[in-house]
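First up is the structure itself, then whatever we jot down about it.
The values are calculated or read from the model by the stated rules, or taken from the named source; none is laboratory data. The model shown is predicted, which means the values in this text are computed figures rather than measured ones. Here Cβ is always computed from backbone atoms with ideal geometry, including for glycine, and neighbour counts include all displayed protein chains. To get the accessible areas, we keep the full protein, side chains included, count just its heavy atoms, and leave off ligands, DNA and RNA. Shrake-Rupley method; radii C 1.70, N 1.55, O 1.52, S 1.80 Å.
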Amino acid sequence: MGEVIVVTSGKGGVGKTTTTANLGTGLAAASKKVCLVDADIGLRNLDVVLGLENRIVYDIVDVTTGVCRLRQALIKDKRFEGLHLLPAAQTKDKTAVNPEQMKELCEELRKEFDYVIIDCPAGIEQGFRNAIAGADRAIVVTTPEVSAVRDADRIIGLLEAADLREPKLIINRYRPKMVNRGDMMSIDDMNEILAIDLLGVVPEDEQVVVTTNKGETVVRDDKSLSGQAYRNITRRIMGENVPLMNLEEPSGLFSALRKMIGLK
Amino acid sequence: MTNGIAAQNSAINNLPVELEELVDDNTVLVQRTLRSGQSVYHDGNVVVLGDVNPGAEIVATGNIVVMGALRGVVHAGAKGDANAVILAFRLRPTQLRIANHITRPPEEEISDPDYPELARIKNGVVTIETFNSNFK
Ligand SMILES: Nc1ncnc2c1ncn2[C@@H]1O[C@H](COP(=O)(O)OP(=O)(O)OP(=O)(O)O)[C@@H](O)[C@H]1O
Ligand SMILES: [Mg+2]
């Protein structure tokens, strides 16, 4: 029986879809059977990020309303054998599905897959309630901004009230230089308020945008820091103990010199 | 609001023995951190064994004690009791209300004390002082 994990945040645009795509790819690369579920009905994104948009025939609402069978709606990834996507409907809204149907769907999916990862829409209304209905655990994504952290705190409260205990935190778009200058919340600042386990910290990285625009995921990019961060998070999800990596970019004359003489 | 009620009930029912004596008829013990969007309304005193985060709210007709960081909005003496006090291990409220007085921290960030503080009305204004156990 597989595990159902919801990726949520409260605030929009902090990196839920990016996280879902990268964790899914990372887990599939580790030979796990993974199904990604786009629960952002009406604002379908996950298919685009994975470069699978043109393969969609049926969607999640077709499944819950019995228009097609679950198996028919699942799209196989082009790169990873074990990776599948259940796309959102684009022409419906969040009320087209209810929490009970989502629970049933998750029960069915967990029979087939090692991991079912649900990409939650922003907000705390029905879309959120649908997305968490069938989940065993939750990952909360935030950026180091006061408003995003506030919303993350709200979401953690709602998750706990829904009996999704011990959610894990991913801090996304972290910029060590700004933190050092005192212009951005530090990991400690966020931990002081949210006080939940940290699953990982993903730095701000233009490679995320570059890969996303090509329908690829940065977790497959060996050279980028953000890719390394997502690989570490993937291993932690599988239960490995991986220390937090150093996010400081090498800078200054010395490393510039080393670069010049080809040491790094 | 429903969160708050639930919090009160569970707080009263799951008390460790050593804390039971803390609860009289009108004191409620909240045994967790109140997160953004959560609130407790109570006719009496409220004691929180955790933090009160920004965006969380407590309204009590009596005193409010927070055994953690108080960062949200709290109202003590909500029915007009000007003798009500607010005590917190770390007093960093968004806003403080006692009876019909409302205050907020100064805009410019000043001291960041790492000891418990007490807020109460003295001579008609809300004052903050270092808490020591013989304060009355
Ligand atoms: N670590 C990062 N570095 C740079 N850009 C990033 C990073 N993470 C996400 N982004 C960019 O931020 C934007 C929003 O990301 P994403 O779509 O994953 O957020 P979301 O939480 O799913 O948004 P929504 O709430 O609208 O569903 C995207 O353009 C993405 O490429
Ligand atoms: Mg999204």
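Details
- Residues that are open to solvent by less than 10 Å² (accessible area, probe 1.4 Å), under 21 Å from B:Arg32 (Cα atoms) and more than 14 Å from chain A (Cβ to nearest Cβ) within the stretch B:64-84 comprise B:Ile64, B:Val66, B:Val74, B:Ala76, listed in sequence order.
- Test: residue in the stretch A:28-39 that is without any contact (Cβ under 8 Å) to a residue 60 or more places away in the chain, out of contact with any Leu (no Cβ under 9 Å at 6 or more places or on another chain) and under 20 Å from A:Glu125 (Cβ atoms): no
- Criterion: in contact (Cβ under 8 Å) with a residue 40 or more places away in the chain, within 12 Å of chain B (Cβ to nearest Cβ), closer than 26 Å to A:Val4 by Cβ and not in a loop (DSSP other than H, G, I, E, B) - qualifying residue of A:Val141, A:Val202, A:Val149: A:Val149
- Cβ-Cβ contacts under 7 Å between residues 6 or more apart (or on different chains), taken from a first residue in the stretch A:106-135 that is farther than 23 Å from A:Gly12 by Cβ and open to solvent by 10 Å² or more (accessible area, probe 1.4 Å) to a second residue that is at pLDDT 95 or above and within 16 Å of ligand 2 (Cβ to nearest atom), are listed as A:Tyr115/A:Ile5.
- The set of residues in the stretch B:87-106 being outside any loop (DSSP other than H, G, I, E, B) and open to solvent by 40 Å² or more (accessible area, probe 1.4 Å) consists of B:Phe89, B:Arg90, B:Gln95, B:Arg97, B:His101, B:Ile102, B:Thr103.
- Candidates A:Met185, A:Met245, A:Met178, filtered to the one that is open to solvent by 30 Å² or more (accessible area, probe 1.4 Å), modelled with pLDDT of 95 or more and assigned to a loop (DSSP other than H, G, I, E, B): A:Met185
- Looking only at the stretch A:177-186, residues that are touching a helix residue (DSSP H, G or I) at 6+ places or on another chain (Cβ under 9 Å) and without any contact (Cβ under 8 Å) to a residue 24 or more places away in the chain come to 1 in all.
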